[in-house]
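What follows is calculated from the coordinates using simple rules that are stated; it is not laboratory data. Everything numeric here is computed off the predicted structure, so don't read it as measured data. Note that we place each Cβ from the backbone using ideal geometry, even for glycine, and neighbour counts take in every protein chain shown.
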Amino acid sequence: MSDLLETLFLSKIYQSPLVLASGVLGLTADSMRRVLEAGAGAVTTKSFGLEPRKGHACPVILPYHSGLLNAVGLSNPGVDEMVKEIKKLHQESKGGIFASVFGKTPEDFGEVTKKACEATPDLIEVNVSCPNVASEFGAPFGADEFSVANITRIVKKAAGDVPISIKLTIHCPSIEKMARVCEENGADALTAINTVGPGMLIDTGVMKPILANKVGGVSGPAIFPLALKAVWEICANSSLPIIATGGVRTADEALQMIMAGATMVSIGSGIYYKDIEIFTHINQDLTAWMEARHIHSLETIRGAALE
Ligand SMILES: Cc1cc2nc3c(=O)[nH]c(=O)nc-3n(C[C@H](O)[C@H](O)[C@H](O)COP(=O)(O)O)c2cc1C
């Protein structure tokens, strides 16, 4: 891979700014290693909690013409199994590993973080913004500044030396204010954004919602402009490094996120459209774009659209 893409994020250099987003291929060391080999600079695990969780009944993922609707429902094998997978991946690969955690209560977030840090991930990503478990968990913590401040403090304390990123939702009164709340309470980075909605699709044959959970978070191309604007607003108001997430499928879209101020760019739904080679192709296209313009580092264009 070209050195041009090397990216400094929280005092570590990654081979590429591209990251596997949480929730897609992030449950086993083997699947995450394949994504790193395809060119991701880092991978994010599927969000995990203290205990194993089955998640929602099938169908849980629904492609439609502008994106995906998912109500996976945070299915995961629990922190003890995920610690084993992260340790295994550490032994097999030098790529970055971000551990995504969630909790039913603020205290759960602290406990799961403490256990996850036994595997020394490069980052704890704090999922306070899953939109498809509201029937069980209530409204996402990410909608409320007080809850986000509290969870940020708890996780920061539990994480010790491991940096933390809070994963934000656009479904809050002001995402730029939420970013400042995270910064003031100890976050080292921010991830923006989680899926949007939830939304719904109906099978007109049986006249019922298609997802067993009825509603699911919207991701993919439909949300790219929303994610880009959120990243741009956050970067204009916060000095924290950002992992931009939402609808990215091409090098041009990754560049737009970087020009809006993002340091890393993560990809989830893009894998549905282009398989894991999406990382290889975007790396190649980014490199070609930089070479054609004699740009030697992404640092020189980061935030260019903010001015
Ligand atoms: C099938 C699926 C499962 C997801 N699971 C999680 C999850 O467990 N934790 C999380 O923080 N985000 C999860 N997400 C959200 C993604 O990480 C990402 O924020 C969102 O999909 C927008 O990016 P994308 O358009 O590139 O997919 C999931 C998304 C999808 C499509």
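With N set to the residue count of the chain, report its C-alpha Rg divided by 2.2 N^0.38 Å to two decimal places.
0.93
Need one number: nm distance between label points at ILE301 and ILE210, each 7 Å from Cα along Cα→Cβ, rounded to one decimal.
3.5 nm
Restricting to Cα pairs below 8 Å that are 6+ residues apart, what does the relative contact order work out to for the chain? Please round to a whole percent.
Values: 707 pairs, mean separation 57.8, N = 307.
Relative contact order of the chain: 19 percent.
Loop only per DSSP, at most 15 neighbouring Cβ atoms within 10 Å: give me the trypsin sites (Lys or Arg not before Pro) in segment 197-277, ordered by residue number.
Values: sites: LYS214, LYS229, ARG249, LYS274; in loops: LYS214, ARG249.
Sparse-neighbourhood loop trypsin sites (Lys or Arg not before Pro): none present.
Between segment 241-307 and segment 155-226, what is the separation of their alpha carbon centroids in Å?
Each part's Cα centre sits 20 Å from the other's.
Which ³J(HN,Hα) values in Hz, rounded to whole numbers, follow from the phi angles of segment 209-217 under the Karplus curve 6.51 cos²θ - 1.76 cosθ + 1.60, where θ = phi - 60° and Gly and Pro get x?
Whole-Hz 3J(HN,Hα) from phi for segment 209-217: x, 7, 5, 4, 7, 6, 10, x, x.
In nm, to one decimal, how far is the modelled label at GLU291 from the one at ASP30, with both set 7 Å along Cα→Cβ?
Going by the 7 Å Cα→Cβ label model, 3.5 nm.
Calculate the FRET efficiency for LYS88 and ASP203 from the Cβ-Cβ distance with a Förster distance of 45 Å, rounded to the nearest 0.05. Walk me through the numbers on the way to the answer.
Numbers: r = 40 Å, r/R0 = 0.90.
Between LYS88 and ASP203 the formula returns 0.65.
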